[in-house]
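Here is the structure we will look at, set down as structure tokens.
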Amino acid sequence: MKTRDRLRIAVQKSGRLSEPSQNLLAQCGLSFRQSRDKLFCFGENQPIDLLLVRDDDIPGLIDEGVCDLGFLGRNVLEEARLEQLAAKGASGLEEIRALGFGGCRLSIAVPQEEDYSDAAQLAGRRIATSYPQLLAKFLSGRGVAAGVVTLSGSVEIAPRLGTADLICDLVSSGATLVANQLKEAEVILRSEAVLACATTAFGDERDDILAMLMRRLDGVLAVRETRMLMLRTSRSAWPAVRDALPLGSLPTLTGIEGEAADIAVQAIVPRPVGWPELEAMSRAGARNLMVLPVERMLA
Ligand code: ATP
Ligand code: ZN
């Protein structure tokens, strides 16, 4: 493998993952200067550069060593990994972090009027997809023999064109399925944006740069879910309020000057707090409840 002293990350040029991926890198404190042709971003404050490409090209770029890392959907990564396994018996790519955005499902959809109960119903039918490897793996796992029709785009209209009976495609809200009189029947893969990397270590400066990036990324990902919860309660109600705190909360209690019977509580909570939880705490005797986002945290 060629040695390099800068890390190169492949990011989707334009699409659903471009902005959230670049925002995440900005949160990690990285800044870039974009080239005139807008295909390359030079890292100004760290030896980390970006290559802006089509998401489908990212697995190949990492595999060929053109890029060291990539931000892409797990759907694209897993399809490429299966393809490599089928072609060479091994895959040089791995998912090193799930990033919490770009969530979607790769699902088989059937006509709305069909009474769907299980995968045996797929036998003998033609399923259009851009993910032939993932679909074939699902079908063989269920012991179903069905036809896989590989299309590179516009999969959802294949049944109307008569090129397939069913589809296997990405779904998030399900609005596209409804618009095409289809409904979700089987979820094949739960996907989100991930950070992918080559399975082998670089053996040069890039190992240290990657370790630095991962430390910052883990800090950003951890804090993203963290909330600060503030409330007041009476000392007598505190045991009940404590039981109603979200699991994993770390509370700090403070006395209140001139109000001996009451306490103020601050708790670090490892995830967002919803209305039902706030209502449960209120029923247990908490008042003045407040949930705040956390911007940065250093243990
Ligand atoms: P490119 O020009 O880079 O090839 P694209 O059309 O393949 O773009 P997008 O539609 O931007 O890509 O989707 C990129 C990724 O976003 C998908 O691979 C998937 O991981 C994720 N995604 C999340 N929700 C959806 C959805 N409803 N439909 C399609 N992709 C989704
Ligand atoms: Zn694509």
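I'd like to know if the range 117-135 contains one or more residues that are of a type outside the set (A, V, I, L, M, F, W, C), exposed (fewer than 14 other Cβ atoms within 10 Å of the Cβ) and under 25 Å from the mean Cα position of the chain (by Cα). For the range 117-135, residues of a type outside the set (A, V, I, L, M, F, W, C), exposed (fewer than 14 other Cβ atoms within 10 Å of the Cβ) and under 25 Å from the mean Cα position of the chain (by Cα): absent. Listed here are the strands (runs of 3 or more DSSP E) enclosed by the range 226-299 that have at least 1 residues being free of Cβ contacts under 8 Å to residues at least 24 places away in the same chain, touching a strand residue (DSSP E or B) at 6+ places or on another chain (Cβ under 9 Å) and surrounded by fewer than 12 Cβ atoms within 10 Å (Cβ to Cβ): 250-255.
Among the residues of the range 183-204, is there at least one that is among the acidic types (D, E), surrounded by 18 or more Cβ atoms within 10 Å (Cβ to Cβ) and either modelled with pLDDT of 95 or more or within 29 Å of the chain's Cα centre (by Cα) (or both)? Checked against the condition, which is being among the acidic types (D, E), surrounded by 18 or more Cβ atoms within 10 Å (Cβ to Cβ) and either modelled with pLDDT of 95 or more or within 29 Å of the chain's Cα centre (by Cα) (or both), the range 183-204 yields at least one hit. From the list T163, T199, the lone residue that is in contact with a Gly (Cβ under 7 Å, 6 or more places away or on another chain) and away from ligand 1 (no atom under 16 Å from the Cβ) is T199. Of the residues making up the range 1-13, just one is within 16 Å of ligand 2 (Cβ to nearest atom), open to solvent by less than 90 Å² (accessible area, probe 1.4 Å) and not hydrophobic (A, V, I, L, M, F, W, C), namely Q12. Report yes if C104 is open to solvent by less than 40 Å² (accessible area, probe 1.4 Å), touching a residue at least 24 places away in the same chain (Cβ under 8 Å), farther than 30 Å from R271 by Cα and under 27 Å from the mean Cα position of the chain (by Cα), otherwise no. When the stated conditions are applied, C104 does not pass them. Checking the stated criteria, R36 turns out not to satisfy the condition of being in the same structural domain as M214 (by TED's automatic domain parsing) and touching a residue at least 24 places away in the same chain (Cβ under 8 Å). Taking the range 42-51 on its own, how many of its residues are more than 16 Å from ligand 1 (Cβ to nearest atom) and surrounded by 15 or more Cβ atoms within 10 Å (Cβ to Cβ)? So the count comes out to 5.
Does at least one position in the range 92-104 carry a residue that is of a type in the set (F, W, Y) and either closer than 24 Å to R190 by Cβ or within 16 Å of ligand 2 (Cβ to nearest atom) (or both)? Yes, the range 92-104 contains at least one residue that is of a type in the set (F, W, Y) and either closer than 24 Å to R190 by Cβ or within 16 Å of ligand 2 (Cβ to nearest atom) (or both).
If you go through the range 11-30 and keep only what is within 19 Å of R215 (Cβ to Cβ) and within 16 Å of ligand 1 (Cβ to nearest atom), you end up with S21, N23, L24. Exactly one residue out of R54, R33 is within 11 Å of ligand 1 (Cβ to nearest atom) and on the phi < 0 side of the Ramachandran plot, and it is R54. Pairing residues of the range 49-62 that are in the same structural domain as Q22 (by TED's automatic domain parsing) with residues that are assigned to a helix (DSSP H, G or I) and more than 8 Å from ligand 2 (Cβ to nearest atom), at Cβ distances under 6 Å and at least 6 apart in sequence or on separate chains, gives P59/A80. Annotation: of all residues in the range 14-35 being surrounded by 18 or more Cβ atoms within 10 Å (Cβ to Cβ) and within 16 Å of ligand 2 (Cβ to nearest atom), the one that is nearest to L51 (Cα to Cα) is S21. Residues of the range 49-65 that are more than 16 Å from ligand 2 (Cβ to nearest atom) and in contact with a Lys or Arg (Cβ under 7 Å, 6 or more places away or on another chain): D49, G65.
The values are calculated or read from the model by the stated rules, or taken from the named source; none is laboratory data. This is a predicted model, so every value here is computed, not measured. Methodologically, a virtual Cβ is constructed for each residue, glycine included, from the backbone with ideal geometry; neighbour enumeration extends over all protein chains shown. The protein model used for the area step is the full one, side chains on, heavy atoms only, and it has no ligands, DNA or RNA in it. Shrake-Rupley method; radii C 1.70, N 1.55, O 1.52, S 1.80 Å.
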